[in-house]
1. If you check every pair at least six apart or on different chains, which have Cβ atoms under 9 Å apart with a residue in segment 6-34 that is within 17 Å of residue 50 (Cα to Cα) first and a residue that is open to solvent by 50 Å² or more (accessible area, probe 1.4 Å) and aromatic (Phe, Trp, Tyr) second?
2. Can you confirm whether residue 44 is touching a residue at least 40 places away in the same chain (Cβ under 8 Å), open to solvent by less than 80 Å² (accessible area, probe 1.4 Å) and not basic (Lys, Arg)?
3. Return the residue satisfying two criteria in turn: it lies in segment 16-41 and is open to solvent by 60 Å² or more (accessible area, probe 1.4 Å) and aliphatic (A, V, I, L, M), and of such residues it is nearest to residue 4 (Cα to Cα).
Amino acid sequence: MIKKFLIRIIKLYQKYISPMKRTKCPYIPTCSQYGLEAIEKYGALKGGLLAVWRILRCNPFSHGGYDPVP
């Protein structure tokens, strides 16, 4: 139930908010896609924590690059 809610929130973000942003995520896959994959693979708790950790690492000082879900 929580897993489906988080996935829906991320998909809404990808559809409506992300296209309006000027800056792009320096990581591949993007942070939102990483979050989707992590939550689908590990569930709401562990996947959510992985997604939050990824978002915290995504900043202007980050080099970015390829960083798949473990």
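1. 27/66; 28/66; 29/66; 32/13
2. Numbers: touching a residue at least 40 places away in the same chain (Cβ under 8 Å): yes; open to solvent by less than 80 Å² (accessible area, probe 1.4 Å): yes; not basic (Lys, Arg): yes.
Here the answer is yes, as residue 44 does meet what is asked.
3. Top of the filtered list is 17.
The values are calculated or read from the model by the stated rules, or taken from the named source; none is laboratory data. All values reported here derive from a predicted model rather than from experimental measurement. Glycine also receives a Cβ, built like all others from the backbone with ideal geometry; neighbour counts cover every protein chain displayed. Heavy atoms of the whole protein, side chains included, go into the accessibility calculation; ligands, DNA and RNA do not. Shrake-Rupley method; radii C 1.70, N 1.55, O 1.52, S 1.80 Å.
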